[in-house]
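So the structure is just underneath, and the comments pick up after that.
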Amino acid sequence: MRKYIIHSIFLFSVIAIIVSCQNQETIDLQNYMSNGKDIYKAKCQNCHGENGEGLGQLAPPLTDSVFLIANKNRLACIIKNGVNETLVIHGKEYREKMPAFPELADIDVAQVMVYVTNSFGNKQGFVPYNQVSTQLQNCK
Amino acid sequence: MNKIISSIAICMLSITILSSCQQDKKLPFYGERHAETKRDTAGIEKIDTVYQTIPNWSFLNQDSVVTTNKSTDGKVYVADFFFTSCTTICPTMHRNLMTVYNEFKTNPDVMFVSHTIDFKYDRPYVLKKYAQKLGVDGPKWQFLYGSKDSVYTLAEKNYLVAVGEDSTAKDGYIHQGYLVLIDKDRRIRGAYDGTKEDQVEQLKKDIPVLLAEYKK
């Protein structure tokens, strides 16, 4: 009987820890999403549109989940340093230059990246700030 | 009882007055004005208000063709100042202006004119590429290239839009994002912040009002 109680307490606390961890992650995700949205509106929406629809051939949409997943590990670098190459988004070629945003701190980049990759039909989930920091240190 | 009837009557009356006012709605005039005395055909002296007008102009358009005020004469048009490498307000201005363009695309009395203020880089072929990528084709929306002096003077003196070079600005230039509405007699009839959706919506409502002034 004693053994049984100890076992169930142990099991219970493991479950509690997992649940509370998940909760912490959901809370972080919500924070990132709401701050990320503000940054998006201020810095990105002019080109990429309110719903990530892009602007003609001048700026690509942010709705191509396949591209965003395939380029997951360089999104932070794209956002911080801009990009100037031929990108194929939804099967269309884009060649305009995206400007760099040196004024964005690592945490800002993380937040706006999490916002983009979890809006407009994307669902990549949470990426913590320290992971984004590491990516930013290794930009090519 | 009498009270009720009279208050209904007053309501009806004010509604008719208000709605009749609306039908006669005229857009305001912007810029300088002065009074001029003229003689009419019968030789009687009359005082007329004369409003500021856009002078003659001549620039290269996105097809490298010399384009002058003749292309907009007798039309209502929307003018703005931008440059293709602008990464801040211009994309928003032109995203919004696109919606106006699409709404009046088939109206032969309406035109669009965008002047670049980047005289160094925005040659006509750059403007052409920009227009195509924005999704504009054809002569209804002209993208115009001219010397610094001619464009900046036109902006500041005639369209009342501030423009300038500024090495401290993110893209090297500063300018206001106004969409300026010009009537068929080259007078300024409205200025709308092209970065604000509600003001652009107002522009869409004001263009038909301005066109209606000429229908009488």
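What the table below lists for this structure:
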{"quantity": "For the range A:1-15 versus the range B:70-148, the gap between their alpha-carbon centres in whole angstrom", "calculated": "72 Å"}
{"quantity": "Potential lengthening between B:I174 and B:N102 on full extension [0.36 nm per residue; Cα-Cα distance subtracted]", "calculated": "23.2 nm"}
{"quantity": "Probe 1.4 Å, protein heavy atoms only - accessible area per residue of the range B:55-213 in square angstrom", "calculated": "41 Å²"}
{"quantity": "Accessible area expressed per residue, the range A:23-137, with surrounding protein chains retained (probe 1.4 Å, Å²)", "calculated": "52 Å²"}
{"quantity": "Given 10 as the ceiling on other Cβ atoms within 10 Å, longest exposed-site-free region of chain A for GluC sites (Glu not before Pro) in DSSP loops", "calculated": "A:1-84"}
{"quantity": "In degrees, nearest ten, helix B:2-23 long axis to first principal axis of chain B (Cα)", "calculated": "30 degrees"}
{"quantity": "Spatial extent of chain A: Rg and Dmax, with the Cα atoms as the point set, Å", "calculated": "19.2, 71"}
{"quantity": "Under the Karplus curve 6.51 cos²θ - 1.76 cosθ + 1.60, θ = phi - 60°, whole-Hz ³J(HN,Hα) for the range A:71-81, x wherever Gly or Pro sits", "calculated": "10, 2, 7, 10, 4, 4, 5, 4, 5, 6, 9"}
{"quantity": "Gain in span if fully extended, B:K196 to B:K3, counting 0.36 nm per residue against the direct Cα distance", "calculated": "64.8 nm"}
{"quantity": "For the range A:34-53, residues shielded by at least 30 square angstrom of accessible area compared with the chain on its own, probe 1.4 Å", "calculated": "A:N46"}
{"quantity": "Crossing angle, helix B:124-134 versus chain B [Cα axis fit, 0-90 degrees, rounded to tens]", "calculated": "60 degrees"}
{"quantity": "Radius ratio Rg over Rh of the range B:55-213, counting only Cα atoms, Kirkwood formula for Rh", "calculated": "0.92"}
{"quantity": "Chain B, relative contact order in percent, only Cα pairs under 8 angstrom and at least six apart counted", "calculated": "25 percent"}
{"quantity": "For peptides B:150-160, B:98-108, B:55-65, sequence by mean Cβ density within 10 Å, most packed first", "calculated": "B:150-160, B:55-65, B:98-108"}
{"quantity": "Degrees, to the nearest 10: A:106-116 long Cα axis against longest axis of chain A", "calculated": "90 degrees"}
{"quantity": "Calculated from backbone phi, Karplus (6.51, -1.76, 1.60) coupling profile of the range B:66-83 in Hz, x at Gly/Pro", "calculated": "5, 10, 10, 4, 4, 6, 10, 4, x, 10, 8, 9, 10, 10, 8, 10, 7, 8"}
{"quantity": "Simple spin-label estimate for A:E53 and A:N71 in nanometres, 7 Å along Cα-Cβ", "calculated": "2.2 nm"}
{"quantity": "The protein assembly as shown, Rg to Rh (Cα coordinates; Rh as Kirkwood inverse mean 1/r)", "calculated": "1.16"}
{"quantity": "Extension gain, A:K97 back to A:I15 (0.36 nm per residue minus Cα-Cα distance, nm)", "calculated": "24.6 nm"}
{"quantity": "Inter-centroid distance (Cα atoms) of the range A:19-51 relative to the range A:68-86, Å", "calculated": "18 Å"}
{"quantity": "Accessible area buried at the A-B interface, both sides summed, 1.4 Å probe (Å², nearest 100)", "calculated": "1100 Å²"}
{"quantity": "Pairwise centroid distance, computed over Cα atoms, of the range A:124-140 with the range B:173-216, Å", "calculated": "46 Å"}
{"quantity": "Delta accessible area of at least 50 Å² on complex formation, residues of the range B:129-151, 1.4 Å probe, chain isolated as reference", "calculated": "B:K133"}
{"quantity": "Cα-based Lys proximity count in chain A, under 25 Å, for pairs eight or more positions apart or on separate chains", "calculated": "27"}
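The values are calculated or read from the model by the stated rules, or taken from the named source; none is laboratory data. Not measured: the values here are computed from a predicted model. Please note: Cβ atoms are built from the backbone with ideal geometry, for glycine as well, and neighbour counts cover all protein chains shown. These area figures cover heavy atoms from the full protein model, side chains too; ligands, DNA and RNA do not enter into them. Shrake-Rupley method; radii C 1.70, N 1.55, O 1.52, S 1.80 Å.
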